[in-house]
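One structure below.
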Amino acid sequence: MLTRRTALTCGALAALAQPLHTLAQGKKDSVTLGLVLEPPGLDPTAGAASSIAEVTLYNIYETLTKINADGSVSPLLAESWEVSPNLKSYTFRLRKGVQFHNGEPCNAATVKFAFDRAGGDKSTNKDKRLFANLSTQVVDEHTVVILNKDIEPDLLFLLGQATAIIVEPKSADSNATKPVGTGPYQLAGWSRGASLTLAAWPGWRQAAQVKLRRATFRFIPDPAAQVAALLAGDVDMFARVTPRAMAPFKANPRFQVIVSGSRAKTILAINNARKPLNDVRVRRAIAAAIDRKAVIQGAADGLGVAIGSHYVPGAFGYVDTTAINPYDPDKARRLLAEAGVKTPLELTMTLPPTPYARQGGEVIAAQLAKVGIVLKLQNVEWAQWLSGTYGSKNYDLTLISHVEPFDLGNFAKPDYYWGYHSAQFDQLYEKIKHATRPADRARLLGEAQRLLAEDAVHVFLYQPQWVTVANKHLRGLWKDMPIFVNDLSALSWS
């Protein structure tokens, strides 16, 4: 019987046999990009989905600073800045003559509005806590001073993330469907469930430097369909394609394959508020039952580095905590018995549509079954995960990648979807926020990592590496991905 997957695979193989497309007719001025997940809306200040930034950041909206592929920070809406010695006062000098898509000026008053809104009582910004600690003062039309209650050495980086976009007051509340920013592109069309198109905005301050006049994002969660779309030429670039899809492209001269580093953490998140998961012995048992190496192989085809806490190698203050909860099925059985848990213990694991989650979920379920924990795998769409798992906290376990580079603070949020509450961690995180000396900050960060590992808040699995497959003629792609973004103004065809 000809199944959908078979048909897609056959179509992909047929595409390989067809004559290669060339760019002989002249350089293209459009691009089609593939994404696994469709954004639920187009306002990154109103939702936690990283897919929003993948479409909008640096394209529709801009920030004071810009994060580069190597993790460095450069000017964007701010031309320059000065930081006080105590790291609590930042003076930004804004770029002059910047306008929003609706013709309104972008100035110091706009920056103050955006940050006050992000930290206000009605804010739905996932980084509300950060912005609530900031106070913005207008010095003149093109100068603002931002005062921070805490010490945040990474503030310039954080102000380049999607949650820190500068929004226009009159249009801010409708940005989810009618986005208005200062960036080089505007929304040209959105076919829900299929694709979204951006068109170059002629009013952008550097419009003449934009090579691509049109960019279409196609949403393709199925791995076989991703391969077929690339091979057929229907998609020019696919970021974070499933690793096992690399094989048809490695030796194909039509494509370039980029394996990128990341600051993401793939975890088996545990709802700490639910019984018996609120017992640390049960959480440690789950951790002891899982072989990280097998999960990395099964979920990411080996493209990952094992982690033991919510922190990754290469980040400032990283310590190796993988030995705190090592793979030990016998220990897992003992801990369950000590906790008074009668097996089989039945739990539900909610899996979003990403390939790493669906593939990794099968591996984890098989491993936990060996110690008497029986998982019901519940596959959900991305919107369901955001509303039910993240929003309503309706889950036992879920397999998810947290992609924000600096997100230890989530463990100190009392209403975060993990249900984790620790006075010890809260006190430790407060010390981190006020540590002025790098050596003290590194030591405290190490303590925080060890505490999260000892509390077995989650099963911390691996730091993923992302795979991008693209047409060999496409230029300007990021080699590494400190954040999820597709910077369209940097792309061009050779």
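Okay, here's what the table says:
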read-out	value
Fraction of beta bridges assigned by DSSP in region 265-464 that are antiparallel (%, nearest 5)	55
Over 29 Å (Cα to Cα) - which of Lys28/Lys250; Lys28/Lys265; Lys128/Lys178; Lys178/Lys472; Lys265/Lys370; Lys376/Lys479 fall in this group	Lys28/Lys265; Lys178/Lys472; Lys376/Lys479
Burial ranking of peptide ranges 164-172, 272-280 (average Cβ count within 10 Å, highest at the top)	164-172, 272-280
Kirkwood Rh (inverse of mean 1/r, distinct Cα pairs), region 265-464, angstrom	17.0
Filtered GluC sites (Glu not before Pro), region 57-142: DSSP coil and at most 16 other beta carbons within 10 Å	Glu141
Gain upon complete extension [Lys178, His434; 0.36 nm per residue less C-alpha separation]	88.2 nm
Neighbour net charge for Gly181 - beta-carbon separation under 12 angstrom, K R +1, D E -1	-3
Alpha-carbon centroid distance for the pair region 78-149 / region 300-329, whole angstrom	36
Three-way shape label, region 389-478, alpha-carbon gyration tensor, a/c 1.5	oblate
Tensor-based shape of region 340-385 (alpha-carbon gyration tensor, a/c under 1.5 rounded, otherwise prolate or oblate)	oblate
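Computed from the coordinates by the stated procedures, all read-outs in this text should not be read as laboratory data. On a predicted model such as this, the values are computed, not experimentally measured, just so you know. Cβ: placed from backbone, ideal geometry, glycine included. Neighbour counts: every protein chain shown.
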